[in-house]
1. According to a simple spin-label model (label point 7 Å from Cα along Cα-to-Cβ), what is the distance in nm between ARG266 and ILE98?
2. Under a crude label model (7 Å from the Cα following the beta-carbon direction), how far is HIS289 from THR174 in nanometres?
3. Any chance you could run the full-extension gain for SER245 through ASP204? It's 0.36 nm times the residue separation minus the Cα-Cα distance, nm to one decimal.
4. Consider a paramagnetic label point 7 Å from the Cα of VAL121 along Cα→Cβ; state which residues of segment 179-194 have an amide N under 20 Å from it.
5. Distance from a point 7 Å along Cα→Cβ of ARG137 to each backbone N in segment 161-175: keep the residues under 11 Å and list them by number.
6. Label THR62 and SER155 with points 7 Å out from Cα along Cα→Cβ: what is the distance between them in nm?
7. Going by average Cβ density within 10 Å per residue, which order do the peptides 190-203, 215-228, 243-256 take, highest to lowest?
8. In debye, nearest 20: dipole of segment 124-233 around its Cα centre with unit charges on the Cβ of K, R (+) and D, E (-)?
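Every number here is computed from the coordinates shown, using simple stated rules; none is lab data. Note that this is a predicted model, so its numbers are computed, not measured. When we count neighbours, we look across all protein chains shown, and the Cβ atoms used for this are built from the backbone with ideal geometry, even at glycine.
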Amino acid sequence: MKYIIGLLIIAGLWACSKEDWPDNSQSEANLFAVPAGATGEEAELRRGFFDRTGMYLLFSDTLTAREVNGMGGKKEVYTKVHLEWNMVSTDQGIDSFICYPYKALEEKKVVTEFVEREVLVSVPEMFYPYSLMLLDRLVYFKWNYGSYNDPVEYSFYAGMQSTVIAVSNLSAFTAEEKEVLKTNLVGSLISSNITAIPDDDWADFYSYSDEYYKLSFKYEVPTPIEACGYLPTYDIGWGGPDFHSKEYDLKAYVEEIFKLSEAEFRETYAEYPIIIDKMEEMVKVLHKHGVKVYE
C-alpha cells in the first residue's frame, strides 16, 4: 500500500517543463525511500527506521538532485517535498517553508532515537504519517495581501506528503524538557491524524455540540463558547479556522488532553460540565484505539 501511495505522490513532484519529465523507459522509483545502492550510516539509519516503523525517514525536503540538459545548457533540478501542499490550504504554491537540516550525523541519530523510542511507542500505528522529516528548524512564511508575514518557526507541522518535527540541540534538553516535548509530539501526531478513527466512533462525543456544527458561521455560536462544549483553542478571531466544526472540535480536545493532566483539565473546565463530559467521551474513544491517556 505504501508503495502505491509513494508512486501517486511522485507524480505530483516533477517539474512541469518537458525536459524535466521522467524517462518512461526507466523503472519507477519511490523517491521517499533510500536508493537501493546508497551506503553509509545515514542510509542505514533511514532504512532501519522504515523497517521498524513502516514510515519513510527524511532529513531534508530535497528528495533528489539531478543534472538535466536544457536549452541553456546543463542545470541542476531538485525534486522536493512540497510542505505547502495541504488539503485545507487555500494558498497552495504561495505560502513558503524553509527547511534547515541537521549539520551533523550524530544529531540525526539522537533525534531519530528519541522519536522512535520515546514518542512513537505511545502512538498507535494508525496515526503514523506517510513520511517523517526530522529537521533542526522549520521556518514558515505566509503570503498575505501582496507580501509575506514575519517568519514563524514550527516545531511540528503535518503536511500531506510528510510530517515535520523540528528540534534544535535535543542533546541539551533536560529530562523534564524531553518529557514535555514527548507529550506534545504524541498529542500532535494523534491530533494531525485523528481522522484515522472512524467518524461513527465519535457519535457520543459529537452529540453534545451537534446543533452548533450545523451553523453556517462560527460567530453564530453563543458565548461563552465553553457552555456549548467548545474549547477556546481555535477561537482566534476572523482569521482563525471554523472552531465550531467537527474537525476543529476534535483537534482542540486532543491537544488539550495531551497538554493538561486529568486533574488540571477537570480543574480548568470545572465550570462547564459539558466540556468534562466530552473529555471523558474522547478518552473512551482514544483508549479503544490504543492511545494511553489519563490512565
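1. Placing both labels 7 Å along Cα→Cβ, they lie 4.8 nm apart.
2. Result: 3.5 nm between the two label points.
3. Gain on stretching SER245 to ASP204: 13.2 nm.
4. 179-190
5. Correct set: 168.
6. With each label point 7 Å from Cα toward Cβ, the separation is 2.8 nm.
7. Most protected by this proxy first, the peptides run 243-256, 190-203, 215-228.
8. Charge dipole, segment 124-233, about its Cα centre: 460 debye, nearest 20.
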